[in-house]
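Reading through the structure tokens given below for one structure.
The values are calculated or read from the model by the stated rules, or taken from the named source; none is laboratory data. All values derive from a computational prediction rather than experimental measurement. Please note: Cβ atoms are built from the backbone with ideal geometry, for glycine as well, and neighbour counts cover all protein chains shown. Note: areas computed on protein heavy atoms with side chains; ligands, DNA, RNA excluded. Shrake-Rupley method; radii C 1.70, N 1.55, O 1.52, S 1.80 Å.
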Amino acid sequence: MGTVLETKTINKHFRKPVDFHVLKDISFRVKEGEFASIMGKSGSGKSTLLYILSTMDTDYEGELFLNEELVTGKPRKELSQIRNRHIGFVFQFHYLLSEFSVLENVMLPAKKLASKSYQEIEHDAMEKLNMLNIGHLAKKRASQVSGGEKQRVAIARALINNPDILMGDEPTGNLDSYNAENVFQIFKRLKEEEGLSLLVVTHDLDFAKRTDRIIEMEDGTIIS
Ligand SMILES: Nc1ncnc2c1ncn2[C@@H]1O[C@H](COP(=O)(O)OP(=O)(O)OP(=O)(O)O)[C@@H](O)[C@H]1O
Ligand SMILES: [Mg+2]
């Protein structure tokens with residue numbers, strides 16, 4: 001099996017207000033089709049790490065590989081293309097555009113990538129919505145669907161460009177247990193049926209226990 005994501009001794013410092021060594025020698029990999037979770041106390045560096053893995057933060061030492069290709073050091077524009085094509089994100093808060101329809105929200109990242117026609121993008125977006133059992137909401141405004149539905153819209157949006165890896169920063173953190181379980185089952189199905197790799201930060205031990213592997217962080221290091 002291939003490696004979708006790999007880090008080699010990533011270190012990061014926040015320089016202000018005082019020097020703070022937030023990530024220390026982070027080395028790990030996520031294999032194709034692997035569903036991994038990251039756990040750790042508040043402040044242990046999980047979000048900081050995800051921000052680097054998502055190629056958004058480039059201010060670190062060490063190396064980041066995506067699909068066995070070194071991405072560290074690439075120019076901004078190229079990183080943005082790599083990110084849009086290969087990585088999907090789901091956050092604790094959905095960040096949907098509330099005035100846009102559900103369908104339009106899902107279509108956005110594909111429009112940005114601009115490698116398909118409008119009709120193809122619309123068709124693919126509908127397919128993702130149907131896969132997540134929210135096809136009937138396509139024409140509704142994003143502001144008019146429930147919290148659990150919004151999070152499924154956010155997942156559909158994260159999947160629209162068929163990424164190799166889906167990253168989440170507490171994607172179930174704002175959901176009740178019913179909707180959190182629903183999101184877990186969606187992730188599991190994506191792994192099993194689509195061979196998608198997933199890397200999800202969670203505070204929910206019951207969620208984490210059912211992933212393939214728990215990566216535990218403490219004070220900026222991986223302890224297991
Ligand atoms: N821009 C910044 N400048 C300085 N310190 C920061 C900055 N952003 C985060 N930190 C500090 O870095 C540490 C790690 O923060 P991070 O957000 O990665 O933690 P986390 O593990 O995601 O926590 P949580 O579970 O609460 O989301 C914390 O001590 C935080 O206060
Ligand atoms: Mg965090």
Taking the options G2, G40, name whichever one is in contact (Cβ under 8 Å) with a residue 24 or more places away in the chain and surrounded by fewer than 17 Cβ atoms within 10 Å (Cβ to Cβ).
G2
Scan segment 21-54 residue by residue and report those that are within 13 Å of ligand 1 (Cβ to nearest atom) and more than 22 Å from H203 (Cβ to Cβ).
H21
Every residue in segment 85-100 that is surrounded by fewer than 19 Cβ atoms within 10 Å (Cβ to Cβ) and outside any loop (DSSP other than H, G, I, E, B), please.
R85
Answer yes or no: is there a residue in segment 57-80 that is within 16 Å of ligand 1 (Cβ to nearest atom), within 14 Å of the chain's Cα centre (by Cα) and buried (at least 18 other Cβ atoms within 10 Å of the Cβ).
no
Tally, over segment 203-224, of residues that are more than 13 Å from ligand 1 (Cβ to nearest atom) and part of a strand (DSSP E or B)
2
Which of the residues spanning segment 121-132 are closer than 13 Å to L103 by Cα and open to solvent by 10 Å² or more (accessible area, probe 1.4 Å)?
E122, H123, D124, M126, E127, K128, N130
Inspect all residues belonging to segment 165-177 and state whether any of them is away from ligand 2 (no atom under 16 Å from the Cβ) and over 25 Å from I215 (Cβ atoms).
yes
Is one or more of the residues making up segment 175-196 under 17 Å from the mean Cα position of the chain (by Cα), within 16 Å of ligand 1 (Cβ to nearest atom) and of a type in the set (G, A, S)?
no
Cβ-Cβ below 8 Å, separation at least six or inter-chain, first residue in segment 167-178 and at pLDDT below 90, second open to solvent by 10 Å² or more (accessible area, probe 1.4 Å) and within 14 Å of ligand 1 (Cβ to nearest atom): which pairs?
N174/Q92; N174/F93
Restricting attention to segment 153-172, which residues are open to solvent by 50 Å² or more (accessible area, probe 1.4 Å) and either over 14 Å from F35 (Cβ atoms) or within 16 Å of ligand 1 (Cβ to nearest atom) (or both)?
N162
Does L49 satisfy the criteria of being buried (at least 19 other Cβ atoms within 10 Å of the Cβ), of a type outside the set (S, T, Y), touching a strand residue (DSSP E or B) at 6+ places or on another chain (Cβ under 7 Å) and not in a strand (DSSP E or B)?
yes
